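The values are calculated or read from the model by the stated rules, or taken from the named source; none is laboratory data. Keep in mind it's a predicted model, so treat the numbers as computed, not measured. Using ideal geometry, Cβ is built from the backbone for each residue, glycine included, and neighbour counts are taken over all protein chains shown.
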Amino acid sequence: MRTSGRLGPDPTRTDRPRDAGLRVLRTLAARESATLAELAQALGGHPNTTRAQLERLVDAGFAAAVDLPANGRGRPARAWAATTAGRQVAGEDPDRDGQAALLEAVAEHLDVTPDPAAAAHAIGLGWGRRLAATRNDSLIPILAAQGFTPEEQDDGIALRTCPLLASARQRPAVVCGIHQGLIDAVSPEAWSLEPFALPGACLLRPRAGVA
């Protein structure tokens, strides 16, 4: 997957397609890529309607056209794939709107307390417990719903977007501490959050020494 060269995730997008476009985007994000015919079949309706929505998604940066390997003569078949921003928007919970401003205010307050990292982790634990109580989901869907765009890979889980990126760069111990607490509360497995570990992502690694 193509990523930015800078270490750390991308900021989350706060704009969203309209309902028809979001339906196409969610179908697209559930696959590595899809042709127009495959999307139209999955969604129903006329392919021209799907094509129009795809064009809007591409223009907005939520999807990208990709050429499939050539099969004989003629032009390569074309497919579409959700971008990182598209997968973020497709997977997140729209009810999380407004959380970012509140969490940024909390992080700013915690940053001047005697032990900001411990307080941040405690707040993250409380946040995660509430999410786990209201969502019967595993870690990855919960992170996706909160705007992190998780992506499984060989050495852990890459978090491609961050809903508090600007604040995390200013106050990593606090913001990343909140996120670590969230992860600890939600997952039965032990994970360590490594902020800004990769080009285009933070990284969750299985915690060493924990079965």
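Of all residues in segment 126-153, those satisfying the criterion of being assigned to a loop (DSSP other than H, G, I, E, B) and at negative phi are 135, 136, 137, 138, 146, 148.
Taken over segment 49-76, the criterion of being at pLDDT 80 or above, surrounded by fewer than 17 Cβ atoms within 10 Å (Cβ to Cβ) and assigned to a loop (DSSP other than H, G, I, E, B) is satisfied by 61 alone. Taking the listed residues 190, 158, the one that is of a type in the set (A, V, I, L, M), modelled with pLDDT of 95 or more and over 24 Å from residue 94 (Cα atoms) is 190, with no other qualifying.
Taking each residue of segment 111-139 that is free of Cβ contacts under 8 Å to residues at least 40 places away in the same chain and more than 19 Å from residue 150 (Cα to Cα) and looking for partners that are small (Gly, Ala, Ser) and part of a helix (DSSP H, G or I) with beta-carbon atoms closer than 6 Å, six or more apart or interchain, yields 113/119. Within segment 160-188, residues that are more than 13 Å from residue 204 (Cα to Cα) have Cβ atoms under 7 Å from residues that are among the acidic types (Asp, Glu) and in a helix (DSSP H, G or I) in these pairs: 164/104; 167/104, counting only partners at least 6 apart in sequence or on another chain. Checking the conditions here, which among 83, 49 is polar (S, T, N, Q), closer than 30 Å to residue 168 by Cβ and not assigned by TED's automatic domain parsing to the domain that holds residue 152? So the residue among 83, 49 that is polar (S, T, N, Q), closer than 30 Å to residue 168 by Cβ and not assigned by TED's automatic domain parsing to the domain that holds residue 152 is 83. Restricting segment 184-203 to residues that are in contact with a helix residue (DSSP H, G or I) (Cβ under 7 Å, 6 or more places away or on another chain) and part of a strand (DSSP E or B), the residue that is farthest from residue 158 (Cα to Cα) is 191. When segment 198-211 is limited to residues that are over 16 Å from the mean Cα position of the chain (by Cα) and either in contact (Cβ under 8 Å) with a residue 24 or more places away in the chain or surrounded by 24 or more Cβ atoms within 10 Å (Cβ to Cβ) (or both), the one that is farthest from residue 11 (Cα to Cα) turns out to be 206. Only a single item in (1) more than 15 Å from residue 125 (Cβ to Cβ); (2) part of a helix (DSSP H, G or I) is not met by residue 180, and it is number (1). Answer yes if at least one residue in segment 28-40 is of a type in the set (Lys, Arg), buried (at least 16 other Cβ atoms within 10 Å of the Cβ) and either modelled with pLDDT of 95 or more or closer than 28 Å to residue 96 by Cα (or both), and no otherwise. No: segment 28-40 contains no residue that is of a type in the set (Lys, Arg), buried (at least 16 other Cβ atoms within 10 Å of the Cβ) and either modelled with pLDDT of 95 or more or closer than 28 Å to residue 96 by Cα (or both).
I'm trying to understand the selection: among the residues of segment 152-168, which are surrounded by fewer than 17 Cβ atoms within 10 Å (Cβ to Cβ) and more than 17 Å from residue 189 (Cβ to Cβ)? So that I can check it myself, show each step before the final result.
Within segment 152-168, the subset surrounded by fewer than 17 Cβ atoms within 10 Å (Cβ to Cβ) is 152-155, 166.
Within segment 152-168, 166 is the sole residue that qualifies.
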